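Bear in mind these aren't lab numbers, they're just calculated from the coordinates by the rules spelled out. Just so it is clear, the structure is predicted and the values come from calculations on it, not from any experiment. Methodologically, a virtual Cβ is constructed for each residue, glycine included, from the backbone with ideal geometry; neighbour enumeration extends over all protein chains shown.
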Amino acid sequence: MLKIYKSLESGPLQELSLKTLERGAWINIIDPTPYELKVVGNLTEVEPDFLRSALDDEERSHTDVEDDSVMVLTNVPIMREQGSYDTLPLAIIVTQDYIITVCLQDNPVISEFNEKTAKTFRTFKKTRFLFQILYKSATYYLRYLRQISKLSEEIEDNLRHSMHNQEILKLLELQKGLTYFNASLRSNGAVLDKLMRLRNSTSLQAILKVYEEDEDLLEDVIIENKQAREMVEMYSQILSRLADTFSSIISNNLNMVMRFLAAMTILLAIPTVISSFFGMNVDVPMAHEPMAFALIAVMATTLAILCGLYLWKKDMF
């Protein structure tokens, strides 16, 4: 999918086509075909490697600079399904005339920039638009982290009442999502630090014109990214300790069940041993006693009760 937009001075967002492409336009490419990449590359004269960089879902965040373009590849957070979180590479390419975004699938970060929010950004202010995308990505990390916190609390409450495998698997899924977030936020932080160093580079002034407001926005992005990293580390520790705690509880419950079964086995073994002894096909005491069965039953029951009392005092039940 290929969409082209350009902000008008009055505020609305105008949709263009490849034939009406103008300077200051935003070219948004989602899951592109080879033909779309070739057409965009020919029209904008952007390096093909820049356009294909975000098509590898394992690509880490980095920044590449060419003579006439700057490519910032960042990892944005996504929620694949309820309780399942992941990250996705997003390439933002800034040239003297255009800003291009490339991603494998539609994501909430890019979706935030639409006709309804057109007054909050300008496609022809390319540097600020770049920082706004990075800022929105950082805010989504924080939003998803708050969701993870709420989900972990719900899982904890459910595990307090019953130990189901489903709840434990949900906990592991959240831990996996936090691992992805942690790796992406670290690489995103390195990209932001590099952008901060390059903001005053004379060789990039023609492409990235950083004004005072833009620099303040970049600082806000760095702060949000650091806050997200701290929250990820904190939630990771909480979930790790929570998983360890419930693993210990499950192990302890299993030990209690095994102890109870061992005690019951001992109690059931006493009548079995006594009845086996008096059931042998040889002369045994009370072999000709009319009340032998009742006496043997009372004796076995009494011994079982006494053994049960002893085990109860030993806290085997």
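Modelled spin labels at His62 and Asp193, positioned 7 Å past Cα toward Cβ, are 1.7 nm from each other. Under 5 Å from the amide H of Val76 lie the amide H atoms of Leu88, Leu90, each residue being 5 or more positions distant or on a separate chain, with H modelled from the backbone and absent for Pro and chain starts.
In the chain, helical runs assigned H by DSSP with n ≥ 4 each contribute -39500 (n - 2.57); averaged across all residues and rounded to the nearest 500, the mean residue ellipticity at 222 nm is -20000 deg cm²/dmol. Residue by residue, the stretch 115-129 carries 3J(HN,Hα) couplings of 4, 6, 9, 4, 6, 8, 8, 10, 5, 7, 8, 5, 5, 5, 4 Hz when phi is fed to the Karplus relation 6.51 cos²θ - 1.76 cosθ + 1.60 (θ = phi - 60°); x denotes Gly or Pro.
If I take every Cα pair under 8 Å that is 6 or more residues apart in the stretch 1-121, average their sequence separation and divide by the length, what percent do I get for the relative contact order?
Values: 211 pairs, mean separation 31.7, N = 121.
With pairs under 8 Å counted, the relative contact order is 26 percent.
Given an 8 Å cut-off on Cα distances and at least 6 residues of separation, report the relative contact order of the chain as a percent.
Numbers: 400 pairs, mean separation 49.4, N = 317.
This gives 16 percent for the chain.
Couplings 3J(HN,Hα) for the stretch 213-218, derived from phi with the Karplus relation 6.51 cos²θ - 1.76 cosθ + 1.60 (θ = phi - 60°), are 5, 5, 5, 5, 5, 4 Hz, where x marks Gly and Pro. Computed from phi, the 3J(HN,Hα) profile of the stretch 136-148 under the Karplus parametrisation 6.51, -1.76, 1.60 (θ = phi - 60°) reads 5, 4, 5, 5, 5, 4, 5, 5, 5, 5, 5, 5, 4 Hz, with x in place of Gly and Pro. When +1 charges are put on Lys and Arg Cβ atoms and -1 charges on Asp and Glu Cβ atoms, the dipole computed for the chain relative to its Cα centre reaches about 600 debye. Among 18-28, 182-192, sorting by the average number of other beta carbon atoms lying within 10 angstrom of each residue, highest first, gives 182-192, 18-28. In the chain, the longest principal axis of the Cα atoms and the axis of helix 292-313 are about 40 degrees apart.
When peptides 292-304, 40-52 are ranked by their average number of other Cβ atoms within 10 Å per residue, the highest-first order is 40-52, 292-304. Taking a ≥ b ≥ c as the square roots of the Cα gyration tensor eigenvalues, the stretch 254-313 comes out prolate, since a/c reaches at least 1.5 and a/b is larger than b/c. Note on the chain: GNM, Cα springs under 10 Å; of Ile99, Ile29, Ile305, the largest mean-square fluctuation is that of Ile305. Between helix 34-44 and the chain there is an angle of about 40 degrees, using the helix long axis and the longest principal axis of the Cα atoms. Under a Gaussian network description of the chain, with springs only between Cα atoms under 10 Å, the residue in Lys150, Lys209, Lys125 that fluctuates furthest is Lys150. Give Lys150/Lys226; Lys3/Lys226; Lys3/Lys176; Lys3/Lys125; Lys116/Lys176; Lys3/Lys209 a once-over and call out the pairs whose C-alpha atoms are over 30 Å from each other. Over 30 Å apart, Cα to Cα: Lys3/Lys226; Lys3/Lys176; Lys116/Lys176.
Peptides 71-81, 214-224, ordered by how many other C-beta atoms sit within 10 Å of their residues on average, highest first, read 71-81, 214-224.
Taking Met264, Met280, Met256 in turn, the Gaussian network model of the chain (Cα-Cα springs below 10 Å) assigns the largest fluctuation to Met280. Of the labelled figures (i) 18.4, 58; (ii) 19.7, 58; (iii) 34.0, 115, only one reflects Rg and Dmax of the Cα atoms in Å as derived from the coordinates, namely (iii).
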